[in-house]
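Here's the structure, in structure tokens; my notes come after.
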Amino acid sequence: MSLLSSQVAEYIGKSSWIRKMFEEGAKLKAEHGTDKVCDFSLGNPDLPPPMAVKTALCEIAETIDQPFSVGYMHNAGYPAVRAKLAAEVAREQQCPVNAQDVIITCGAAGGINAFFRAVLEPGDEVLAPSPFFVEYGFYTQNFGGVFVTAPAKDLTFDLDLDALARAITPKTRVVLVNSPNNPTGAVYPRADLEALASLLAEKSAEHGRPIFLLADEPYRFLVYEGVDVPPVLPLYPYSVVVSSFSKNLSLAGERIGYLAVNPAMPEKEVLLGGLTLTNRILGFVNAPALAQQVLEKALGYGVDASIYASRRAAMAEVLRETGYTFQMPKGAFYFFPQAPGGDDVAFCRVLAENLVLAVPGSGFGRPGYFRLAFCVGEEVIRRSREGFAKARAAFA
Ligand code: PLP
């Protein structure tokens, strides 16, 4: 007698690589001491939220004893927060996004789920370049969708337009892109996004149904050396941006994000009505009241991104000096180097024996590489040099 659906039982059976590394890491930390293990396995932002968040919470505390201070509100969020957020998204996306085009969600994850619930028929395909954020497949399957991938270009991890074109079928409903990218740090240039938009316009016309372009952008704020993150909304009418404040305000546990629908989308009210409903019926009801109120006051502030920039430089130095092949991340807080010897799982195991935790690329749909999340202090990065050197030598 099984307590679980067969699908969930199967998910647990396979277990994610990130979880496996987490468990292995906990064991190593218990054995050797937390300060001896260099843990690059989790993308959990370690910088504290900016002072604006504390100030906002103190102000909110003054009115918390009022009726409905944290009661239910419109399923799409507080009107004032939607308006303020819309102005910010309009600036980022360089197009006239208004309050009614924005739905406040439980993080980007909640936003993606609400979006898929609204647009997927059973059997519809969601296409994403690989490697990809590991949860995308689960989110797709939550609604009877089929998750399909097309490899990004080797080493640079830029979009491979030909591979994407080959992967599009009459069942393709959503193309999901994430730039700056987790796990690779790639940032897609404008020309590639324009080419993708043309491809989707052509295929939508051919198949007689719009293919949505969903741009997952929680790392938009975090780019290095002045790299530009081009807006997607002006490029394609059936585009939607999903993002969150998990990373730029370090509010990952508070579950606050948004969906922004292209103001130029034909019949956008229909989609917005659907998203407002799905945000509710998935059981989110609405995004957290407190987090929305914090957002209203703290929008425009952010964590000190220069800390991530110096960690990136330190990590690059360690990897370069210990003989790894990698692409410098243009954004986000991940490196995705090649696994020496080619077997990413075997390599990560040896790395772990040397007290350095990383996630095999297989977990992101790209064997042969491994992911390092630099949400750790610079001293951890510097301390990891010996482990990286020994693991590299083992595969010389
Ligand atoms: N998308 C990407 C690419 C991510 O890396 C993450 C979290 O790490 C998410 C979405 C989900 O973020 P959240 O739901 O916390 O906004």
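Overview of values
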| quantity | calculated |
| --- | --- |
| Relative contact order computed over the chain (Cα-Cα under 8 Å; 6+ residues apart), in percent | 24 |
| Most mobile of Pro151, Pro189, Pro263 in a GNM of the chain (Cα contacts under 10 Å) | Pro189 |
| Segment 240-396, accessible area per residue, ligands and nucleic acids excluded (1.4 Å, Å²) | 36 |
| Relative contact order (%) - criterion: Cα under 8 Å, at least six apart; region: segment 68-298 | 29 |
| Crossing angle, helix 268-279 versus the chain [Cα axis fit, 0-90 degrees, rounded to tens] | 60 |
| Zone residues, segment 353-380, relative to Thr34, backbone N less than 19 Å from point 7 Å out along Cα-to-Cβ | 355-358, 373-380 |
| Helix axis angle, 385-394 relative to the chain longest principal axis, alpha carbon, degrees | 70 |
| Segment 1-98: GluC sites (Glu not before Pro) in DSSP coil with no more than 10 other Cβ atoms inside 10 Å | Glu62 |
| Stokes-Einstein diffusion coefficient of segment 300-368, Kirkwood radius over Cα pairs, 20 °C, 1.002 mPa s, in µm²/s | 161 |
| Total charge dipole magnitude, the chain, about the Cα centre, Cβ charges on Lys, Arg, Asp, Glu only, Debye to nearest 20 | 400 |
| Percentage relative contact order, segment 38-104, counting C-alpha pairs under 8 Å, at least six apart | 23 |
| For segment 10-58 versus segment 269-316, the gap between their alpha-carbon centres in whole angstrom | 20 |
| Modelled FRET efficiency - R0 22 Å, Glu225 with Thr156, Cβ distances, 0.05 increments | 0.90 |
| Loop-located GluC sites (Glu not before Pro) in segment 262-325, at most 10 other Cβ atoms within 10 Å (DSSP) | Glu267 |
| Listed peptides 179-187, 226-234 by packing density, highest first (mean Cβ within 10 Å) | 179-187, 226-234 |
| Within segment 68-298: Cβ-based charge dipole about Cα centre, in debye rounded to nearest 20 (Lys, Arg +1; Asp, Glu -1) | 640 |
| Antiparallel bridge percentage (DSSP; both residues within segment 68-298; nearest 5) | 35 |
| Choice from Phe212, Phe68, Phe333 with maximal GNM fluctuation in the chain (Cα, 10 Å cutoff) | Phe68 |
| Heavy atoms of Ile211: accessible area, 1.4 Å probe, square angstrom to 10 | 0 |
| Antiparallel bridge percentage (DSSP; both residues within segment 163-276; nearest 5) | 35 |
| Ranked order, Cys95, Cys58 - accessible area, probe 1.4 Å, largest first | Cys58, Cys95 |
| Carbon/sulfur fraction of accessible area - segment 247-344, other protein chains in place, 1.4 Å, % | 52 |
| Among Ser69, Ser41, Ser244: highest mean-square fluctuation, GNM of the chain, C-alpha pairs under 10 Å | Ser69 |
| Amide H within-cut-off set for Asn178, under 5 Å, with H built and near neighbours excluded | Asp216 |
| Å³ per residue enclosed by the Cα convex hull of segment 68-298 | 113 |
| Net +/- balance of residues flanking Ala99 in space, Cβ distance below 10 Å, scoring K and R +1, D and E -1 | +1 |
| Beta bridge orientation in the chain: antiparallel %, DSSP, nearest 5 | 40 |
| Nearest-ten-degree value, helix 344-353 long axis tilted from longest Cα axis of the chain | 60 |
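The values are calculated or read from the model by the stated rules, or taken from the named source; none is laboratory data. Given the structure is predicted, the values throughout are model-derived calculations rather than measurements. Glycine gets a Cβ as well: all are built from the backbone with ideal geometry, and neighbour counts include every protein chain shown. For accessibility, only protein heavy atoms count, side chains too; no ligands or nucleic acids. Shrake-Rupley method; radii C 1.70, N 1.55, O 1.52, S 1.80 Å.
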